[in-house]
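The values are calculated or read from the model by the stated rules, or taken from the named source; none is laboratory data. Nothing here was measured: the structure is a model prediction, and the numbers come from that model. Note: ideal-geometry Cβ built from the backbone for every residue, glycine included; neighbour counts use all protein chains shown. For accessibility, only protein heavy atoms count, side chains too; no ligands or nucleic acids. Shrake-Rupley method; radii C 1.70, N 1.55, O 1.52, S 1.80 Å.
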Amino acid sequence: MVLVSAVRDYISRMLQDISGMKVLILDSHTVSIVSVAYSQSELLQKEVFLVELVDSISKSRESMSHLKAVYFLAPTSENIQYLRRHLVSPRFGEYHLFFSNILKDTQIHILADSDEHEVVQQLQEFYADFVASDPYHFTLNMPSNHIYMLPAVVDHSNLQHFSDRVVDGIAAVFLALKRRPVIRYQRTSDIAKRIAQETAKLMYQQESGLFDFRRTEISPLLLVIDRRDDPVTPLLNQWTYQAMVHELIGIQDNKVDLRTIGKFPKDQQEVVLSSEQDGFFKKNMYENFGDIGMNIKQLVDEFQQISKSNQNIQTIEDMAKFVDNYPEYRKMHGNVSKHVALVTEMSKLVEERKLMLVSQTEQELACNGGQVAAFEAVTNLLNNESVSDIDRLRLVMLYALRYEKESPVQLMQLFNKLSSKSAKYKPGLVQFLLKQAGVDKRTGDLYGNRDFLNIARNMARGLKGVENVYTQHQPLLFQTMESITKGRLRDVDYPFVGNHFQQGRPQEVVIFIVGGTTYEESRSVALQNSMNTGIRFILGGSAILNSKRFLKDLEEAQRVARTSNAV
């Protein structure tokens, strides 16, 4: 429960020592951090009767001196200015200020000077500057996530802002875990190197006192890698529950907006999918789609049994029992209808978009060789009228990544067919992907055909057969974790920063993917951790991707690159 419990602990400490009625004031970033870790009913139990955003509360003048204000904000200059204005004419009885990361001395002085009415009771740094979507998976929710694809000459100031935010987020994770790591990065990525070096500078020089925790025998490892080393994983259709919901409908801060897919009662338009708050989801989040259907049927059957027993109310005692159990019954009703709605919608999309057909070819492209058969399969799907534009584009991208060197002529034929079939297809997007993440740019053995051990492993897998053709793909991250576990991660590919080297095998590893993670990768991490190898892995990234978001970032980077003509 590492990350989620660290954030929950911070929020509890903020709220429990302040007695009486409270208003919790957040910004657009910290609202995600809190909403993922704490439910509204839990906030109510801590006497939080109002949750407001710092910019909207600035517009109101109404005095509420009976409330105590608890601010939890990112330490940005914009937030400091908001606070300054709030403190000059205070509306609340007390002000308790908490910041999600390290404050600058100048910011503390500004706040001290503004507190003329002496309403500020405390000012603290609580390092929950990341969204802990699962126990071993965090995201920084970066809005301009495409920036990692641009070289520094194109957009220097935005790139600086991007890497500063990533460094702050990584620093907060280690401050929350009370650890200082040794740092390694992917050699072929400029942005990974930059972030690794700036993180080291912060932890070992600028704020070395803050990171001076009790030494563990073996330091934890921070490994910074680049999304472009594995562009295949975010392009694939998914067939396990959590990843599939994100791919087909979309998950934002552990919430799913059902309004995009149909008409639902008001209390079900936005539903929570959290392993912390939903037992059925926790049990099934990594299960494949076929099994989910069976398990939901079981859930519905159980619910029907309870409904029947509730209809059989004959005595006063029965009535009292029903009233006592009613909240639990309502909760179960909401849970059953949520999962039924999600699976029904996904089944519809699978059928409409012929995803089983599409996905079979995607998995073949990702996992198995055979260029002739692959070309034929992709061509057939491009000609199939039921296949959507986005699926056509992804198929051509997956083919291009796999066979860019082997079959340039066929690749051109696929480009031409794609542009004639898809009106929305932007010319050059596949070529831009190859420029960003083609074979010459990658470090890892993405297709298991460079390294002898991987070739042998693939042959063995081919001989044994695959349990499920739709989930045979394993992200490159799986190999990376395996290399770390066996002490085989090569220094030449993943150099250390500075003179801080690893003594022995680390027990804690944080892998940060610049450019974003996927739920398929977080599933890999959870499965790896469940094997109890003596190493605990945590996965983090600048965003949580599905194919739509990955393509949007790619398009945006291409647009910026074109206008600057520098890539």
Exercise for review: Considering only region 261-285, state which residues are surrounded by 19 or more Cβ atoms within 10 Å (Cβ to Cβ), part of a loop (DSSP other than H, G, I, E, B) and not polar (S, T, N, Q).
Suggested key: LEU273, GLU276, ASP278, MET285
Check your understanding: Just checking, how many residues over region 203-224 are open to solvent by less than 40 Å² (accessible area, probe 1.4 Å) and farther than 19 Å from PHE501 by Cβ?
Key -> 0
Revision key, fill the gap. (1) among the polar types (S, T, N, Q); (2) assigned to a helix (DSSP H, G or I); (3) touching a Ser or Thr at 6+ places or on another chain (Cβ under 6 Å) all hold for THR533 apart from (2)
Check your understanding: Regarding ILE218, is this residue touching a Ser or Thr at 6+ places or on another chain (Cβ under 8 Å) and either small (Gly, Ala, Ser) or in contact (Cβ under 8 Å) with a residue 40 or more places away in the chain (or both)?
Key -> no
Study note, to complete from the structure: Taking region 482-526 and the residues there that are outside any loop (DSSP other than H, G, I, E, B), closer than 26 Å to GLN436 by Cα and of a type in the set (Ser, Thr, Tyr), the one that is most open to solvent (accessible area, probe 1.4 Å) would be SER483
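Looking only at region 93-110, count how many residues are touching a residue at least 24 places away in the same chain (Cβ under 8 Å) and either open to solvent by 30 Å² or more (accessible area, probe 1.4 Å) or hydroxyl-bearing (Ser, Thr, Tyr) (or both). Before the answer, list the steps.
Narrowing region 93-110 to residues touching a residue at least 24 places away in the same chain (Cβ under 8 Å): 93-104, 107, 110.
If we keep only those that are either open to solvent by 30 Å² or more (accessible area, probe 1.4 Å) or hydroxyl-bearing (Ser, Thr, Tyr) (or both) too, we end up with 93-95, 100, 102, 104, 110.
Summing the residues that are touching a residue at least 24 places away in the same chain (Cβ under 8 Å) and either open to solvent by 30 Å² or more (accessible area, probe 1.4 Å) or hydroxyl-bearing (Ser, Thr, Tyr) (or both) in region 93-110 gives 7.
Just the residues that are charged (D, E, K, R) and over 17 Å from LEU235 (Cα atoms), please, taken from region 384-425.
Looking only at region 384-425, we keep the residues that are charged (D, E, K, R), and these are 385, 389, 391-392, 394, 402, 404-406, 417, 421, 424.
Of everything in region 384-425, those that are charged (D, E, K, R) and over 17 Å from LEU235 (Cα atoms) turn out to be GLU385, LYS405, GLU406, LYS417, LYS421, LYS424.
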Check your understanding: Do any strands (runs of 3 or more DSSP E) entirely within region 1-92 hold 1 or more residues that are in contact with a strand residue (DSSP E or B) (Cβ under 8 Å, 6 or more places away or on another chain) and either open to solvent by 50 Å² or more (accessible area, probe 1.4 Å) or without any contact (Cβ under 8 Å) to a residue 40 or more places away in the chain (or both), and if so, which?
Key -> 48-53, 64-73
Review point. Name the pairs whose Cβ atoms lie under 6 Å apart, with the first residue in region 254-273 and in the same structural domain as THR344 (by the TED database), the second basic (Lys, Arg) and part of a strand (DSSP E or B), and 6 or more positions between them or separate chains?
Key: GLU270/LYS255; VAL272/LYS255
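Let's see how each residue does on (1) touching a residue at least 24 places away in the same chain (Cβ under 8 Å); (2) under 31 Å from the mean Cα position of the chain (by Cα); (3) under 24 Å from MET356 (Cβ atoms); (4) surrounded by 15 or more Cβ atoms within 10 Å (Cβ to Cβ):
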site: ASN380; (1), (2), (3), (4): no, no, yes, no
site: MET412; (1), (2), (3), (4): no, no, no, no
site: LYS421; (1), (2), (3), (4): yes, no, yes, yes
site: PHE432; (1), (2), (3), (4): yes, yes, no, yes
Review point. Residue check: is HIS137 open to solvent by 20 Å² or more (accessible area, probe 1.4 Å), under 20 Å from the mean Cα position of the chain (by Cα) and more than 28 Å from LEU83 (Cβ to Cβ)?
Key: no
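Could you run through region 384-410 and say how many residues are part of a helix (DSSP H, G or I) and open to solvent by less than 60 Å² (accessible area, probe 1.4 Å)? So that I can check it myself, show each step before the final result.
At the first step, the residues of region 384-410 found to be part of a helix (DSSP H, G or I) are 389-403, 408-410.
So of that shortlist, the ones also open to solvent by less than 60 Å² (accessible area, probe 1.4 Å) come out as 389-403, 410.
So the answer is 16.
Please verify whether PHE162 is part of a helix (DSSP H, G or I), among the aromatic types (Phe, Trp, Tyr), in contact with a strand residue (DSSP E or B) (Cβ under 8 Å, 6 or more places away or on another chain) and under 24 Å from TYR148 (Cβ atoms), treating the condition exactly as stated. Give the steps one after another, and end with the answer.
Working: part of a helix (DSSP H, G or I): yes; among the aromatic types (Phe, Trp, Tyr): yes; in contact with a strand residue (DSSP E or B) (Cβ under 8 Å, 6 or more places away or on another chain): no; under 24 Å from TYR148 (Cβ atoms): yes.
Answer is no for this residue.
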Check your understanding: Yes or no: THR233 closer than 30 Å to GLU404 by Cβ and modelled with pLDDT of 95 or more?
Key -> yes
